[in-house]
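Input: a single structure, listed below in structure tokens.
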């Protein structure tokens with residue numbers, strides 16, 4: 001396709017023998033064919049690597065890359081970013097799925113808007129272990145509804161220029177549906193490997209500030225699997241690292257006009273973490289989080305109430 005460089009698809013994999021075959025198949029069956037798939041094995045000890053190696057033997061577009069030692073999902077994605085040969089980079093986790101026209105939709109959008117460097121779309125949240133329940137994020141998340149409902153109804157692309165405030169409100173993309181020009185990803189340094197959670201949110205927030213133009217495609221691009229045992233169900237608050245993410249952005253000059261909004265988010269997520277710790281019986285962690293909330297917002301009533309509740313209640 002004219003003006004469209006090859007897409008590199010990066011899939012981090014760790015002990016994913018149960019899911020990875022179907023996930024890879026959803027990529028190889030794409031109607032758009034000009035891509036490479038890099039599966040980054042992050043030290044799997046099950047049959048994950050054997051499954052992928054068998055696929056490599058039958059499809060030249062697939063490469064397997066080994067991390068010398070386990071680096072987690074962010075480190076595996078960064079390894080893929082360094083190894084990628086394409087002008088564009090997309091991601092799919094080893095238990096999620098793409099629809100057959102996901103890459104074609106992005107390729108067509110690049111052809112229409114060649115000066116833009118980020119493309120994203122709607123995606124489905126999928127609960128295969130719960131009656132196969134499935135719904136789109138844009139029908140579920142109020143912020144997505146606010147920004148994307150008209151585009152979804154009209155079926156027209158939506159161009160976004162520096163949508164920083166919108167992304168602080170809710171990061172309006174997801175790993176399974178974003179596609180970024182590879183040189184922009186490398187300039188921003190990829191994913192922050194010091195974070196266990198919210199590392200993707202940090203990168204998407206940076207992209208909202210440093211991209212030239214973002215395009216929302218009114219198309220459901222992926223099925224994001226929710227399952228027991230995944231990182232999102234690891235027994236820790238899903239927003240655990242969110243306060244650290246917003247603190248990191250306080251020092252980024254691109255977010256200088258949004259410092260007060262970032263501070264509000266720090267307090268808000270510290271309070272969310274405190275609620276989670278307290279409600280799940282982690283008293284010491286609740287107190288630490290509550291104290292941090294009070295320091296971040298000394299006059300915030302919710303933070304003060306949280307501290308008192310953490311000290312004197314269960």
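The values are calculated or read from the model by the stated rules, or taken from the named source; none is laboratory data. Only a predicted model underlies this, so the values are computations on that prediction, with no experimental measurement involved. A quick note on method: Cβ atoms are made from the backbone with ideal geometry, for glycine too, and the neighbour counts reach across all protein chains shown.
A residue that is surrounded by 15 or more Cβ atoms within 10 Å (Cβ to Cβ), closer than 23 Å to residue 167 by Cα and over 27 Å from the mean Cα position of the chain (by Cα) occurs nowhere in the stretch 274-292.
Here's a check for you: in the stretch 11-38, which residue that is closer than 18 Å to residue 180 by Cα and in contact with a strand residue (DSSP E or B) (Cβ under 6 Å, 6 or more places away or on another chain) is surrounded by the fewest Cβ atoms within 10 Å (Cβ to Cβ)? Across the stretch 11-38, the extreme among qualifying residues is 36.
With a requirement of 3 or more residues that are closer than 21 Å to residue 212 by Cβ, the strands (runs of 3 or more DSSP E) lying completely within the stretch 129-183 that satisfy it span 158-160, 179-181.
Out of 96, 101, 117, one residue alone is touching a strand residue (DSSP E or B) at 6+ places or on another chain (Cβ under 8 Å), at pLDDT 95 or above and surrounded by fewer than 21 Cβ atoms within 10 Å (Cβ to Cβ). It is 101. Picking from residues in the stretch 15-33 that are within 15 Å of residue 91 (Cβ to Cβ) and in a loop (DSSP other than H, G, I, E, B), the one that is modelled with the highest pLDDT is 30. Filtering the stretch 80-89 for residues that are farther than 24 Å from residue 206 by Cα and over 17 Å from the mean Cα position of the chain (by Cα) leaves an empty set. For the stretch 210-234, taking the residues that are modelled with pLDDT of 95 or more and either closer than 14 Å to residue 189 by Cα or under 12 Å from the mean Cα position of the chain (by Cα) (or both), the one that is surrounded by the fewest Cβ atoms within 10 Å (Cβ to Cβ) is identified as 210.
Against the list (1) touching a strand residue (DSSP E or B) at 6+ places or on another chain (Cβ under 8 Å); (2) without any contact (Cβ under 8 Å) to a residue 60 or more places away in the chain, the condition residue 219 fails is (2). If you filter the stretch 293-314 down to residues that are assigned to a loop (DSSP other than H, G, I, E, B) and in contact (Cβ under 8 Å) with a residue 24 or more places away in the chain, you find that the one that is surrounded by the most Cβ atoms within 10 Å (Cβ to Cβ) is 297.
Residue-wise test of (1) modelled with pLDDT under 95; (2) more than 12 Å from the chain's Cα centre (by Cα).
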| residue | (1), (2) |
| --- | --- |
| 154 | no, yes |
| 159 | no, yes |
| 174 | no, no |
| 177 | no, no |
| 182 | no, yes |
| 196 | yes, yes |
| 200 | no, no |
| 203 | no, no |
